[in-house]
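Undergrad: Sharing a structure, written as structure tokens. Questions coming.
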Amino acid sequence: EERVNVGEFARMIGREPAEVIKKLFMLGIVATINQDIDFDAATLIASEYGIEVEKKVVINEVEFETIEEQDDPASLVPRPPVVTVMGHVDHGKTTLLDAIRKTRVAAQEAGGITQHIGAYQVELDGRFITFLDTPGHEAFTAMRARGAKVTDIVVLVVAADDGVMPQTLEALSHARDAGVPIIVAVNKIDKPDANPDRVKQELAEHGLIPEEWGGDTIFVHVSALRHQGIDELLEMILLVAEMRELRANPNKRARGTVIEAKLDRGRGPVATVLVQNGTLKVGDALVVGTIYGRVRSMHDHLGRRLTEAGPSTPVEITGLEDVPEAGDAFMVFEDDAKAKQIAEERALKKREQELKKKHVSLDELFSQIQ
Ligand code: GTP
Ligand code: MG
């Protein structure tokens, strides 16, 4: 459930905390500056000031902070880039993700059953690219809000017949905040009223200058519907990835991030995870968020059973004791005992943090509502 800290909320809407607390009090909600209120209460208060409230994910991640380890540069090898597709509604994100999947996955895996696991990997001349199959800036910002850094490159989809729209700019600002390079896919170039130059002009006004105009942003013309320009887009992604020198160490225990998770009636908790460093193996003892688990089975997006998965590989795993959240970090430990201990410590720390937030001091309350 989404909640927001009263003090923070007051600052967000530009009001004094005491004023907000009074308004809450009048609504029958007793809260101090350090407490959290729910989304509905926040919406109600904000609406009194003519402000609209957007849902946002609350940050409550306990880091695997004590277990930071450094990789010897000699142990690092190139890893595939992880790409997120963003853009305005109806500009063709889903169609583009499908087109990429169909042209580069189905072709090579005739008869293979692709299943939705939240991410997939494609191959181009022996080089791989991982796509997060959850388009839109919401998944991206939700993950970032939880401290997860999974995306290396953003593909910004702009329909050539529609041009730059509000969500195009929103996606752009999210990508900039995350500090990831942006490749523009000018989509729907098959349409008679397509005007790719207008897209370039509009984006140039926002600082994305095309290479052919002397800037450093790559623009690729595509038709997701007709599968045109897909390979060129993939080539450009690989080019940008090469410049970024993305590296990881496959010869160590894995860590990474949950992309999505659910409870499956037959298989129990099922999570799609992205391995970001190391290699994940069947039988590994791990902690996901605050949950203990032991990898029972591992499948790729084609439903193939795997015994191990290296850096930048998305896999669906079973064997967790509970369902984690998208954006949760995971880490493998040397054995079950260690993993269980860490999971308990993290769960305890999380509970403590939650309690601290809810702690009410009456003095504090009364000093604020006068
Ligand atoms: P949301 O998920 O709702 O934000 O939309 P989206 O960005 O995923 O767009 P989607 O892929 O659903 O495409 C929207 C519409 O545009 C659909 O009717 C697609 O068939 C159409 N479309 C997508 N790409 C192309 C294209 O290259 N050419 C043409 N002509 N139509 C396209
Ligand atoms: Mg879509």
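The values are calculated or read from the model by the stated rules, or taken from the named source; none is laboratory data. Values in this document were obtained by computation on a predicted structure and should not be read as measured data. Please note: Cβ atoms are built from the backbone with ideal geometry, for glycine as well, and neighbour counts cover all protein chains shown.
Undergrad: Condition first: more than 16 Å from ligand 2 (Cβ to nearest atom), modelled with pLDDT under 80 and among the polar types (S, T, N, Q). Now tell me which residues in the range 110-140 satisfy that. Talk me through it step by step, then tell me what you get.
TA: Restricting attention to the range 110-140, the residues satisfying the condition of being more than 16 Å from ligand 2 (Cβ to nearest atom) are 110-115, 117, 121-130.
With modelled with pLDDT under 80 added as a condition, the list becomes 110-115, 117.
Within the range 110-140, THR114, GLN115 qualify.
Undergrad: Would it be correct to say that ASP133 is within 15 Å of ligand 1 (Cβ to nearest atom), acidic (Asp, Glu), farther than 18 Å from GLY229 by Cβ and touching a strand residue (DSSP E or B) at 6+ places or on another chain (Cβ under 9 Å)?
TA: Working: within 15 Å of ligand 1 (Cβ to nearest atom): yes; acidic (Asp, Glu): yes; farther than 18 Å from GLY229 by Cβ: yes; touching a strand residue (DSSP E or B) at 6+ places or on another chain (Cβ under 9 Å): yes.
Criteria met by ASP133.
Undergrad: Right, something else. What residue, among those in the range 335-348 that are under 26 Å from ASP36 (Cα atoms) and surrounded by fewer than 14 Cβ atoms within 10 Å (Cβ to Cβ), is modelled with the lowest pLDDT?
TA: LEU348
Undergrad: Where residues in the range 16-55 are in a loop (DSSP other than H, G, I, E, B) and under 25 Å from GLU170 (Cβ atoms), which of them is modelled with the lowest pLDDT?
TA: It comes out as LYS55.
Undergrad: A further question on this structure: Among the residues of the range 189-219, write down those that are under 26 Å from the mean Cα position of the chain (by Cα) and among the charged types (D, E, K, R).
TA: ASP216
Undergrad: Take the range 175-203 and flag every residue that is in a helix (DSSP H, G or I) and either more than 30 Å from ALA142 (Cβ to Cβ) or touching a Cys at 6+ places or on another chain (Cβ under 8 Å) (or both).
TA: Step one: list which residues in the range 175-203 are in a helix (DSSP H, G or I), which gives 175-178, 196-203.
Answer for the range 175-203, where residues must be in a helix (DSSP H, G or I) and either more than 30 Å from ALA142 (Cβ to Cβ) or touching a Cys at 6+ places or on another chain (Cβ under 8 Å) (or both): PRO196, ASP197, ARG198, LYS200, GLN201.
Undergrad: Would you say ALA107 is at pLDDT below 80, closer than 27 Å to ALA271 by Cα, within 16 Å of ligand 1 (Cβ to nearest atom) and among the aliphatic types (A, V, I, L, M)? Show your work before the answer.
TA: On the way: at pLDDT below 80: yes; closer than 27 Å to ALA271 by Cα: yes; within 16 Å of ligand 1 (Cβ to nearest atom): no; among the aliphatic types (A, V, I, L, M): yes.
Against the criterion (at pLDDT below 80, closer than 27 Å to ALA271 by Cα, within 16 Å of ligand 1 (Cβ to nearest atom) and among the aliphatic types (A, V, I, L, M)), ALA107 does not qualify.
Undergrad: Which one of the conditions (1) surrounded by fewer than 19 Cβ atoms within 10 Å (Cβ to Cβ); (2) at pLDDT 95 or above; (3) within 16 Å of GLY87 (Cα to Cα); (4) more than 16 Å from ligand 2 (Cβ to nearest atom) does ARG176 fail to meet, given that it meets all the rest?
TA: Going through (1) surrounded by fewer than 19 Cβ atoms within 10 Å (Cβ to Cβ); (2) at pLDDT 95 or above; (3) within 16 Å of GLY87 (Cα to Cα); (4) more than 16 Å from ligand 2 (Cβ to nearest atom) one by one, ARG176 breaks only (2).
Undergrad: Test THR217 against the stated conditions and say whether it is polar (S, T, N, Q) and either buried (at least 23 other Cβ atoms within 10 Å of the Cβ) or in contact with a His (Cβ under 7 Å, 6 or more places away or on another chain) (or both). Spell out the reasoning first.
TA: On the way: polar (S, T, N, Q): yes; either buried (at least 23 other Cβ atoms within 10 Å of the Cβ) or in contact with a His (Cβ under 7 Å, 6 or more places away or on another chain) (or both): no.
Answer is no for this residue.
Undergrad: Can you tell me how many residues in the range 129-156 are hydrophobic (A, V, I, L, M, F, W, C) and either over 29 Å from GLY310 (Cβ atoms) or surrounded by fewer than 17 Cβ atoms within 10 Å (Cβ to Cβ) (or both)? Step through it out loud before you land on a result.
TA: We begin by selecting, within the range 129-156, every residue hydrophobic (A, V, I, L, M, F, W, C); these are 129, 131-132, 139-140, 142-143, 145, 148, 150, 153-156.
Checking which are either over 29 Å from GLY310 (Cβ atoms) or surrounded by fewer than 17 Cβ atoms within 10 Å (Cβ to Cβ) (or both) leaves us with 145.
Residues flagged as hydrophobic (A, V, I, L, M, F, W, C) and either over 29 Å from GLY310 (Cβ atoms) or surrounded by fewer than 17 Cβ atoms within 10 Å (Cβ to Cβ) (or both) within the range 129-156 amount to 1.
Undergrad: Give the range 204-227 a look and list any residue that's touching a strand residue (DSSP E or B) at 6+ places or on another chain (Cβ under 8 Å) and part of a loop (DSSP other than H, G, I, E, B), or say none.
TA: LEU208, ILE209, VAL222, ALA224
Undergrad: Of everything in the range 192-240, what is more than 14 Å from ligand 1 (Cβ to nearest atom), over 28 Å from ARG127 (Cβ atoms) and of a type outside the set (Gly, Ala, Ser)? Give them in sequence order.
TA: Correct list: ASP197, ARG198, GLN201, GLU202, GLU205, HIS206, TRP213.
Undergrad: Within the range 228-264, take every residue that is part of a loop (DSSP other than H, G, I, E, B) and surrounded by 16 or more Cβ atoms within 10 Å (Cβ to Cβ) and give me the one that is farthest from the chain's Cα centre (by Cα).
TA: Quick first cut of the range 228-264, residues part of a loop (DSSP other than H, G, I, E, B) only: 229, 245-246, 249-252, 254.
From what's left, surrounded by 16 or more Cβ atoms within 10 Å (Cβ to Cβ): 229, 246, 249-250, 254.
On the way: GLY229: 26, LEU246: 18, ASN249: 22, PRO250: 22, ALA254: 19 Å.
Going through the qualifying residues, I end up with GLY229.
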